[in-house]
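So the structure is just underneath, and the comments pick up after that.
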Amino acid sequence: MPINQTPEAGEVKKGRVARPFLVERFSLRADRCLNGWHRNANCSRCADGCPVAAITLADGNVRVSEACVLCGVCLRACPTEVFVEASPPEAYLLQRINRPHQDIWELACPLAQEKKGTFPSQLTQVNRLIAPRCLGALGPSHLLEMSDQGAGQLWLNDAACAACPISHAHEQIISSAAEANGWLTAFGRPPAIFLTSQDLADDAPPPQLQPAIRVEASHPRRAFFRKALGLERLGTAVKATYIPRDRQRLLPILASLKPAPEQIPLAGLGVAQVQVDDQLCSACNLCGRTCPTGALQFLADEEIFGLLFIAGSCIGCGICAMICPETAVTFSRTITLDNLISTTPRRLALGNLKKCPDCQAALSAASIHEKCFVCRARERPSFLKP
């Protein structure tokens, strides 16, 4: 539903800054909020990142006040895209930056302009652009695209951030740049995203370019190989997954970076590799039902079940591990590129089913428990119950 309280143009009122961010209103998809999927998700990234404290979270509901300046930071901070735009203005930047290139580009926020179209800079012989709004609205995939997958350099002019009325947004700029460079580092590439406040030493030339190897990548195959997964007996269709737009842009970029490492370290990259212990999994399907993006898929008939995983859809929220009553879900520290970019589900668990003797609910035959977790919880002494 539209956020009617949001102003037409996000004029930054604090500090008497009159220049607006001329962007469209965004819509709110409250059903995507992680706090609505699990009570212990405790996600507050949008509220914590908002530089004007316009976002509040109460009883799992997201609210945006009239203080919103449409800076776009919340769009990057939220992993499930609760805040939705019909026409993201960052597409303008991608159109202006021609590719392939091995150039140096510098971006600045509209509030850094000295006069229309110009802003102070210490860099020489660079291409300069004014972003449509705060640089905190740029996600890692935007930054990688603008740097031509690391073949060129992208400098974010954040010199004005310290004195900016919405200076808190600087944290999101730093985070997005670090994540984009983290992906390049994982592929053995040098950093390509720089901040003028941190990476530009006095009278020092910009780092030398180290062009990346460009390879045209085909789109991952979408076929669901039921037989290969050992699920040919199951007739239930796999539900559609939800992949945030930043991830949709990121996966083809990663597929084009060659050569790929044998294992990609996942720390700080917003991606997870889920693992499930077959001996502990009871086939309750709580993880599948509460996965906000559908990265976990549960299939079952009367005799067999299978749990599948699509890494490209996973946002690493951890809800599956929090909700698993058998502590069967863990996370790997690394992932292969093929697993990350493939849209073909990977099998996590497969087994036969039995009936819970008390409630007749389906239960994994390999489970170490004779009864389902609900019936076992009923048998616990009251002083042990949460």
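Summary of values
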item	result
Cα→Cβ-extended label distance, 7 Å offset, between A377 and R39, nm	1.0
Estimated vicinal HN-Hα couplings, Hz - the range 185-191 in sequence order (Karplus 6.51, -1.76, 1.60; Gly, Pro = x)	4, 4, 9, x, 9, x, x
The range 101-136 and the range 72-94: distance between their alpha carbon centers, rounded to Å	20
Only Lys, Arg (+1) and Asp, Glu (-1) charged, at Cβ; the range 245-384 dipole about Cα centre in debye	400
Selection from H369, I323, I304, by position along the positive dipole direction of the range 245-384 (Cβ)	I323
Whole-Hz couplings from phi, Karplus 6.51/-1.76/1.60, listed for the range 286-300; x for Gly and Pro	5, 5, x, 6, 9, 6, x, 10, x, 5, 9, 10, 10, 10, 7
Efficiency of FRET from Cβ geometry, D48 and R245, R₀ 22 Å, rounded to 0.05	0.55
Extension gain (nm, one decimal) between S332 and K116, 0.36 nm per residue minus Cα-Cα	72.9 nm
Computed lengthening from A91 to A178, 0.36 nm per intervening residue step minus Cα-Cα distance	29.2 nm
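Computed from the coordinates by the stated procedures, all read-outs in this text should not be read as laboratory data. As the structure is a prediction and not an experimental result, all values here were calculated from the model. We place every Cβ from the backbone using ideal geometry, glycine too, and count neighbours over all the protein chains shown.
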